[in-house]
Every structure is written in structure tokens, then in C-alpha cells.
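Enquirer: Below you will find the structure I want to go over with you.
The values are calculated or read from the model by the stated rules, or taken from the named source; none is laboratory data. Just so you know, these numbers come straight off a predicted model, no measurement behind them. Don't worry about glycine lacking a Cβ; one is built from the backbone with ideal geometry, like all the others, and counts go over all protein chains shown. Quick note on the areas: whole protein, heavy atoms, side chains included, nothing else; ligands and nucleic acids left out. Shrake-Rupley method; radii C 1.70, N 1.55, O 1.52, S 1.80 Å.
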Amino acid sequence: MAVTVHPVCSHLSSFHPVRTRLTTRPVSRKFGANSVRCDGSIETQRVTVKNGNDSLDICRVLNGMWQTSGGWGRIDRNDAVEAMLRYADAGLSTFDMADHLRKLSSRPFQCVLTEDNRTVLVKNGKDSLDICRIVNGMWQTSGGWGRIVPDDAVDAMLRYADAGFTTFDMADIYGPAEDLYGIFINRVRRERPPEFVDKVRGLTKWVPPPVKMTSNFVRESINVSRKRMDVAALDMLQFHWWDYSNTGYLDALKHLTDLKEEGKIKTVALTNFDTERLQIILENEIPVVSNQVQHSIVDMRPQQKMAELCQLTGVKLITYGTVMGGLLSEKFQDTNIAIPFSAPPLNTPSLQKYKRMVDAWGGWSLFQTLLRTLKTVATKHGVSIPTVAVKYVLDQPAVAGSMVGVRLGLSEHINDSNAVFSLVFDEDDVNSIQEVLKKGKDLLRVIGDCGDEYRRA
């Protein structure tokens, strides 16, 4: 499983099979007839560019490498170098590149996959955070999924962490989620070695009301989360904003950046922002490292606009809704929800939410076709439908991690999640899935860009 890295074209620094350079020097205002020359070589493919004693022969057709900067598809470094060698062997031996692309990519963003493929390091300048690529989502603690017993929930969190799933996602509005994390992290500090504590990550969200974003208001709000989670610094603060007509989101993000500089937040991120607003935020030089958005095998909207901007700038996607609240599972295969009691009840907020996505995408019949296709792929590899669904999204461009909701103390999916890291699709797997996806509606047209589902009347 590979993650493409775009730290302001730093991936170009290791290529250099053929290097071009431009040499400049002061010249007089009056140019002589032979001061600068461009002489065609005997072979019409090449030309010599000369200025006095300086000269360089280049191929008249240059291989442009802007396309390695993101937005044209995922670049595998070894495959890219092999392709460059084929061009050079064919006589096309001049390559053009740059140390930068544009204003938005002028800061060193990085997303580096670790050796075990389970964790990823997201970086923006001096800010960095390594997270597990499968994130434990704690929306399910907020009510509607069954009664949460705090002791049982914390025991379950420890089991996930012990299994290597050490990243937990929550929000200030997810009921007791931040408080549960505070109890959990204190047990980790008491019952696990220090090196284990260092691996645990708590990502939270701040969803403020539409009031004036003063420095004091932002600071006090973040201090509440720090106290509830019992941490000196939040590992990641993901910011949500309801109304784009109110540009106070820029004020809030600047105050969050100040808190980061003070050491109260390690990394600043976004949740449910669209592509247009993400670009505005980056143009205001706010150092966000990720945007958490809805993204599943059914909802591929992030790959239509958002992913291209992310690849150009290095911002990463953390996805939720990846298994659609459990709809993407064997439990709902070969069911007809139109017939009473013939299918499992849609009795949780997430099942109800993502059933609406199925309706918008193509309806229950097409969804059944998708489930049967995913089951064929899953059976071939000896895994489950949820495992296939998560892996498919993790393999998409710009995706650093995917959320899988945890019903702490009620059910677990550790085995399915572990299987994601050893699953490798072949071409037939991907083609069979994409054939079904082509039959669905374009949700970007139906709903809008990432997060628009929360902002439409």
C-alpha cells in the first residue's frame, strides 16, 4: 500500500538521470551578432544553446515533468524512473522540472508511509503527526448506537490500541467521547510502558457556533477539549464551520494557529471543508495538514475536485463513512428493505444517513449489485466486504487514513481492520468494482462538493 508524497516536488530530487541547467551572467546592453546562438546539430533532434563560453546541447523535444506534481494520477517512483530511462534510451534525453510549482505548494507538506504500512506521517513544515491509517471513529459514543458503559468502552479502547489501532477520532459534540479518551489515556499512562503512550493519538474536532471568533473564545473552547482529554496539547484539532458566507472561519483558524505556536495544539486540520474554501485557507497561509471528509466506495466526490488540490499542496484526506455505517457489509447483501422484516433494521443514525446516500447514488438494487461484486472480491482474497471497502478508499489519491466507527463495548472489528493491511487488489478486482460504480449517479452533481450535504437547506 503506497502513499504518494508531494513535498513541493521533493520527489524530483532523487531522479536526475539527465540533468539540465541554466547558466546566467551579466551581459552588455549592446548584443553582438554572435553573443547568443542556437545552432542545430547534425542530427535535427538536438540543438546547442550558446552564450559566449557557455553552451548546452539539448533535445529539441523536452520531457516536461510538471505532471509529477500531482493531479495526473499516482506516481510510483520506481515506475517513473523506468519510464524516464525509456525516454532517454529513445533519444529524448532532456528533462524539464522545477523546484516549485505555485504559491499553494510553497510550504513543505509531506505524507510519508512508514515501513509497516499501518501508520502514516503527515507533515507541514515543522508540524508533524503520525497516525494509524485506520482511525477509530467515536461518533458512535454520542448516542443512538446503544448504551455506552464507560468502563467497558475504555476496556475496548485499550484492546484496539493493543492491536495496533492507536488513533482515535472524536469531537467536542460527540457526547462523552473526549471524556472517555481522557480516562483511556490515563489508563494507558498507568498500565502501559512510556513508548506505548507515545504511539497513541487523539484527534478531536471543534464545531463552534456562528459567533465572533475572538482569540479568547477560541482559546477557551480549545482549553475545554484539552481538559476533557487530559492532555497538555491536542494531537490534532480539526475545525468545522457551518456557514461560508461568514468568513470568521479564517479568524478562527488564525487563532488556532497561534495556539499551535504556543504548544497547545500539535497540528491544525479541517473537517468537511470544500475545495474552494480549502484553497482560500491555504492562500491565507494557514498550515492545515488534513481535511476530514465523507468518502466511500459509493461517495467518490473527494476524488473529483478535492484530491487534485490536495495532491498539489500536500494536504491529506482523512475519510469517514468508509463502510457507510455498516451498509457495506455481508449483513445487507441480498436484502430487500422495501419488504418489512426482510432486512436488518436501519436503527442507527449512521445507517439512516448512509441509506440516503445510497438513494442519491443509484438506489437499493444497484447497491445490491455493488455488494455482490465486493463479496466476489472479498471471497477471492479471504476477507470481508468491509475490509474491501476500506482498502479501496485507502488506495485512493491523497487519502492518508480512513475512519471505521467503533461501538465501544458493544461490538468489535479488529480482525477485519487488520486484514486491510495485507490486502492487495489486482487489476481485475479494481475493474470489476469500477464497472459497477460507472452505473451510479455523479454525487458531485447531485449533492455538491465535500461537506455540502451539511450546508444545503
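Enquirer: Got a sec to turn the phi values of segment 442-455 into Karplus ³J(HN,Hα) couplings, 6.51 cos²θ - 1.76 cosθ + 1.60 with θ = phi - 60°, whole Hz, x for Gly and Pro?
Expert: 3J(HN,Hα) across segment 442-455, in whole Hz: 7, 5, 5, 6, 6, 10, x, 6, 3, x, 5, 5, 8, 10.
Enquirer: Taking amide H atoms as placed 1.01 Å from N in the peptide plane, list the residues 5 or more away in sequence, or in a different chain, whose amide H sits under 5 Å from that of residue 205.
Expert: Placed amide hydrogens put 170, 171, 172, 238 under 5 Å from residue 205.
Enquirer: Right, another one. Tell me, what HN-Hα J-couplings in whole Hz come from the Karplus equation 6.51 cos²θ - 1.76 cosθ + 1.60 at θ = phi - 60° for each residue of segment 56-61, using x for Gly and Pro?
Expert: 8, 9, 10, 6, 6, 10
Enquirer: Let me ask you something else. How much accessible area per residue does segment 119-454 have, in Å², with a 1.4 Å probe? Before the final figure, lay out the partial values.
Expert: Values: 12890 Å² over 336 residues.
Counting only protein heavy atoms, the per-residue value for segment 119-454 is 38 Å².
Enquirer: Here's a follow-up. Output the peptides 231-237, 164-170 sorted from most to least packed, where packing is the average of other Cβ atoms within 10 Å over each peptide's residues. Kindly include the intermediate steps, with their values, before the conclusion.
Expert: Values: 231-237: 19.0, 164-170: 25.1.
Output ranking for 231-237, 164-170: 164-170, 231-237.
Enquirer: Can I ask one more? Run the Debye formula on the Cα coordinates of segment 332-389, all scatterers equal and no solvent, and tell me log10 I(q)/I(0) at q = 0.12, 0.20, 0.23, 0.31 1/Å.
Expert: -0.31, -0.83, -1.02, -1.25
Enquirer: Just the number, please: percent antiparallel of the DSSP beta bridges in segment 119-454, rounded to the nearest 5.
Expert: On the way: 6 of 35 bridges.
Beta bridges within segment 119-454, antiparallel portion: roughly 15 percent.
Enquirer: May I pose another question? Computed FRET efficiency, Cβ-Cβ of residue 192 and residue 88, R0 51 Å: what is it to the nearest 0.05? Don't jump to the answer; show the numbers that get you there.
Expert: Details: r = 53 Å, r/R0 = 1.04.
According to the calculation, E is roughly 0.45.
Enquirer: Please give the contour-minus-distance gain from residue 438 to residue 80: 0.36 nm per residue of separation, less the Cα-Cα distance, rounded to one decimal in nm.
Expert: On the way: separation 358, 0.36 × 358 = 128.88 nm, distance 2.87 nm.
Result: 126.0 nm gained on full extension.
Enquirer: When a/c reaches 1.5 or more, the comparison of a/b and b/c decides; with that in mind, is segment 267-330 rounded, prolate or oblate per its Cα gyration tensor? Working shown, then result.
Expert: Details: a/c = 2.94, a/b = 2.13, b/c = 1.38.
It comes out prolate by the Cα gyration axes.
Enquirer: While we're on this one: Quick one: which residues, 5 or more positions from residue 320 or on another chain, have an amide H under 5 Å from its amide H? H modelled 1.01 Å from N in the peptide plane, none for Pro or chain starts.
Expert: 293, 294, 295, 403
Enquirer: Could you pull the accessible area for residue 280 with a 1.4 Å probe, rounded to 10 Å²?
Expert: Here the residue's solvent-accessible area equals roughly 50 Å².
Enquirer: Separate question: Please give every one of the lysines within straight-line cross-link reach of residue 254, meaning a C-alpha to C-alpha distance under 24 Å, and leave out same-chain neighbours fewer than 8 residues apart.
Expert: 103, 123, 126, 205, 212, 227, 264, 266, 316
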